[in-house]
1. Just to be sure before I move on: is residue C:175 over 13 Å from the mean Cα position of the chain (by Cα) and within 16 Å of ligand 2 (Cβ to nearest atom) in the structure I sent?
2. Exactly one of (1) surrounded by fewer than 21 Cβ atoms within 10 Å (Cβ to Cβ); (2) farther than 30 Å from residue C:263 by Cβ; (3) facing chain A (nearest Cβ under 10 Å) is unmet by residue C:145. Its number?
3. Given the conditions (1) part of a helix (DSSP H, G or I); (2) out of contact with any Ser or Thr (no Cβ under 6 Å at 6 or more places or on another chain); (3) hydroxyl-bearing (Ser, Thr, Tyr), which single one is not true for residue B:138?
4. Could you tell me how many of the residues in region C:235-266 are in a strand (DSSP E or B) and modelled with pLDDT of 90 or more?
5. Specify the residue that is farthest from ligand 2 (Cβ to nearest atom); the eligible residues are those in region C:84-96 that are open to solvent by less than 30 Å² (accessible area, probe 1.4 Å) and either touching a strand residue (DSSP E or B) at 6+ places or on another chain (Cβ under 7 Å) or modelled with pLDDT of 95 or more (or both).
6. Please specify each residue of region B:211-231 satisfying the condition of being over 20 Å from the mean Cα position of the chain (by Cα) and open to solvent by less than 10 Å² (accessible area, probe 1.4 Å).
7. Of the conditions (1) over 24 Å from residue B:189 (Cα atoms); (2) crowded, with 16+ Cβ neighbours inside 10 Å; (3) at pLDDT 90 or above; (4) not acidic (Asp, Glu), residue B:38 satisfies every one except a single condition; which number is it?
8. Being in contact (Cβ under 8 Å) with a residue 60 or more places away in the chain and either farther than 26 Å from residue B:19 by Cα or among the hydroxyl-bearing types (Ser, Thr, Tyr) (or both) is true for just one of A:75, A:115. Which residue is that?
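The values are calculated or read from the model by the stated rules, or taken from the named source; none is laboratory data. These numbers come from a predicted model, not from an experiment. As a convention, Cβ positions derive from the backbone with ideal geometry for all residues, glycine included, and neighbour counts pool all protein chains shown. Side chains included, ligands, DNA and RNA excluded: accessible areas come from the protein's heavy atoms. Shrake-Rupley method; radii C 1.70, N 1.55, O 1.52, S 1.80 Å.
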Amino acid sequence: MKAHALYGAAGRLALGLIVPLALFALWDHQARNGGANAFAFVSAAQVGRALRELLHSGDLALAYGSSLKNAFGGLFWGSLAGLLTGAAMALVRPVDWALTPIYHSFRQVPLLGWLPLIGLWFGSGDLSKLIVIGLSAFYPAVLYTYEGLKGVEARMLEVGQLYRLTAWQTFWTIRWPSALPSIFTGLLQSLAFAWIATIGVELLFPSGFGLGTVMQHGQLQARLDIVVVCIVVVGLTGFLINLLVSRLSRHALRWRAVRS
Amino acid sequence: MSGGTPSAKTVVTMASPLCVLLLWHGLTAARVFPPEVLVSPQAVLAAFDSLIRTGELARHLGESLQRLLWGFGIGSGSGLLFGLAMALSVTFSRLFDPLFQALRQVPVLAFIPLLILVFGIDEVFKIVIIAKAAFFPTALSTLDGVRGVPKAWFEVARIYRTPLPALVWRVLIPATVPAVLSGVRLSLTRAWLVLVAAELIVADSGIGQMMEMGRQMFRLDVVMVGVIVAGVIGFALDRGFVLLQARMQRWRPPATGAAA
Amino acid sequence: MSIDPRHSAPPAQSPLRQTGALSLKDVRKHFDFKDRALTVLTGFNLDVRPGEFLSIVGPSGCGKSTLLRLISGLDDAYEGSITLDGTRVAGTSLERGLVFQDHRLFPWMTLEDNIGFALIRRDLSKVARNRLVRDHIALVGLDGFEKAYPHQLSGGMTQRAAIARALVNEPKVLLLDEPFGALDALTRVHMQTELQRIWMAQGSTMIMITHDVEEALYLGDRVAVMQAHPGRITHIVDVDLPHPRDRASPLLHRLKDDILAELTATQAGRGDSVVHLAHRRGDAAAG
Ligand SMILES: Nc1ncnc2c1ncn2[C@@H]1O[C@H](COP(=O)(O)OP(=O)(O)O)[C@@H](O)[C@H]1O
Ligand SMILES: [Mg+2]
């Protein structure tokens with residue numbers, strides 16, 4: 001039974017590796033034997049060399065650190081502002097009425113579409129980056145905080161009424177905890193969007209020194225090996241961030257029944 | 001727990017965007033900021049008017065929308081097929097799942113330098129990047145939608161000895177269409193976002209190029225027209241899709257969900 | 001002793017407690033439902049004596065839950081008067097506890113936090129608060145589960161926890177809205193015994209709604225029978241047996257048959273619930 005399961009897992013892994021390996025072999029072959037677009041392909045060895053080079057010079061660490069700083073700075077301010085805005089909209093009705101149309105009309109503009117305008121206003125330095133990344137984290141934070149706080153069940157609020165809780169006590173013991181799952185979902189989205197926005201902003205505003213900047217330089221110098229290294233790092237980071245947040249939220253929401 | 005009357009709500013909802021406009025107007029009329037920093041609403045209107053009369057806006061928009069159509073069509077179409085194949089064939093899923101999951105982690109924008117190196121900066125690059133953006137949400141939601149059809153419904157069909165065509169037409173498709181459509185909707189939003197970003201980076205034509213040129217020439221009025229048009233188009237695309245969605249699934253209770 | 005067609009006055013016994021006398025006089029309640037008024041209760045009179053266990057049975061939709069919401073103060077849009085020990089009921093109060101039909105424990109709180117929730121508005125020291133919570137967890141027999149979340153408890157246990165939360169303030173009146181409705185038959189029987197024990201230990205006035213006539217009779221000093229359209233009490237049955245009771249008692253069985261006959265007779269009399277199967281089959285064949 002156990003051996004069979006193990007065999008199954010190994011077989012599945014082998015199957016899953018076929019396609020990536022085949023693609024990899026094709027790519028490597030193209031790079032070495034020169035096809036129609038040979039200049040566009042780099043061999044695995046070259047990518048490995050680029051990675052070593054970037055690690056050695058410390059460029060990768062520097063760029064990575066700077067990108068993370070941008071992403072988390074934007075995430076912090078954006079989701080904090082989003083949390084407060086969403087909560088104000090959910091709890092104070094006139095605020096809801098006044099902000100909902102404005103929120104929805106601003107949200108229609110594709111995020112990076114703000115860049116030229118913000119570039120004109122705030123230059124192409126770190127402040128502009130922070131604003132756009134913050135904005136990307138702001139939208140989901142507002143939406144999910146609002147829906148979470150608005151979605152509290154009336155029957156739960158009634159229990160608070162029965163035991164004569166004040167508005168403040170009701171907020172902290174009932175509204176907030178029951179909104180938390182939604183708020184965590186929003187945070188997860190904010191995080192993902194902040195990371196995407198960071199890369200986009202760095203590609204478009206090549207000032208400073210982030211992963212996006214390194215990719216941009218790699219592209220200009222036709223160094224595909226560098227570009228590939230950066231893509232892998234960006235992808236891995238996105239994956240790790242998701243993992244981290246879902247672990248965190250699972251811990252904070254351990255009161256929920258585990259669903260299979 | 002009683003709030004304001006509906007009329008109070010309407011008043012506030014209508015007044016708040018007006019207040020923003022008035023504030024904007026007031027700030028420019030009082031010359032709080034120099035015109036290079038904040039142009040007046042009238043100037044933006046004038047720029048809009050001249051962009052329309054010279055046919056420039058129509059040309060940019062036409063190019064952008066054509067790209068969107070191709071990229072989105074190819075991307076979400078192949079995403080649909082891919083998702084179906086993943087859901088229906090275990091072997092296919094085992095072959096492609098690892099690659100699919102890995103690529104999913106990388107933000108689309110990070111692929112821009114790579115795709116520029118491989119495809120150059122021509123039309124092909126833009127269509128490929130839009131297609132890539134549209135591919136994943138549709139593929140993922142199709143996969144989830146088909147896999148998520150409850151077993152219980154198949155059992156109901158077996159009890160009534162439902163023939164296969166009827167099973168597909170009456171059960172399988174209605175059960176999966178909502179999930180697939182919400183994925184397609186997300187694909188459309190993503191495609192528009194990435195299109196604008198790509199046009200900002202490789203500025204040769206399209207609405208993004210118009211904004212980028214405006215920025216480089218310090219034409220704040222043109223940039224603002226671009227921001228507004230990009231927002232309105234994004235809104236119209238999404239609304240149009242939601243209307244279509246509503247027509248295709250009239251049996252569902254109206255949903256108020258919003259795509260992030 | 002049988003169904004007494006006159007609204008029997010509460011039997012004159014020496015009251016165990018001085019407080020907890022609830023009195024409803026000519027209570028009327030309607031809902032505005034799509035711009036027409038739906039009358040749920042009319043001319044509703046009821047006197048509950050201190051320390052009494054009163055059961056209420058009635059068909060579904062006759063206004064039983066509405067009645068408890070009025071007494072608890074969750075809903076105070078009504079006409080007539082509801083008084084507790086002579087004071088008019090206004091809004092919710094810790095003097096009147098309520099166990100909901102669904103347990104309504106907060107999923108994000110542990111058992112002890114859920115029970116402590118009822119004490120938030122009480123000015124108690126931490127020690128006193130903890131002792132109250134611990135005592136009431138013990139009272140409903142849930143010792144050892146203090147740190148458990150609701151999803152880790154069985155149906156019977158969550159219902160007990162809900163009862164502990166309602167009792168922790170030692171309310172003068174405890175209202176129970178079909179507290180065991182969602183439990184299986186065996187757990188139900190067990191919970192009924194438990195509730196009887198708790199009531200005898202606590203001695204507060206209890207009003208329990210149920211659709212189970214046997215349960216109503218087993219626990220109640222009196223059983224009020226309600227009818228719908230509009231909701232009112234048609235009979236009050238005295239159950240003249242000492243607690244704790246024996247389920248096999250012949251008196252309980254006789255009373256049960258009487259009440260069931262009463263309830264089903266009026267149901268059938270309304271006509272709309274009678275379905276003529278033969279007729280329908282004929283229609284189907286013809287069509
Ligand atoms: N909030 C409400 N609005 C309108 N009608 C209500 C409301 N609550 C209850 N009702 C109506 O009042 C009647 C009695 O309901 P309820 O007290 O819940 O009955 P039950 O005896 O089954 O507990 C029902 O017809 C129900 O439809
Ligand atoms: Mg009820």
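1. Working: over 13 Å from the mean Cα position of the chain (by Cα): no; within 16 Å of ligand 2 (Cβ to nearest atom): yes.
Taking the combined requirement at face value, the residue does not satisfy it.
2. (3)
3. The failed condition is (2).
4. Pass one, region C:235-266, residues in a strand (DSSP E or B): C:235-238.
With modelled with pLDDT of 90 or more added as a condition, the list becomes C:236-238.
Total satisfying the criteria: 3.
5. C:84
6. Once the filter is applied, which keeps residues that are over 20 Å from the mean Cα position of the chain (by Cα) and open to solvent by less than 10 Å² (accessible area, probe 1.4 Å), region B:211-231 yields B:214, B:220, B:223.
7. If we test residue B:38 against (1) over 24 Å from residue B:189 (Cα atoms); (2) crowded, with 16+ Cβ neighbours inside 10 Å; (3) at pLDDT 90 or above; (4) not acidic (Asp, Glu), just (3) comes out false.
8. Values: A:115 fails: either farther than 26 Å from residue B:19 by Cα or among the hydroxyl-bearing types (Ser, Thr, Tyr) (or both).
Every option except A:75 fails the conditions.
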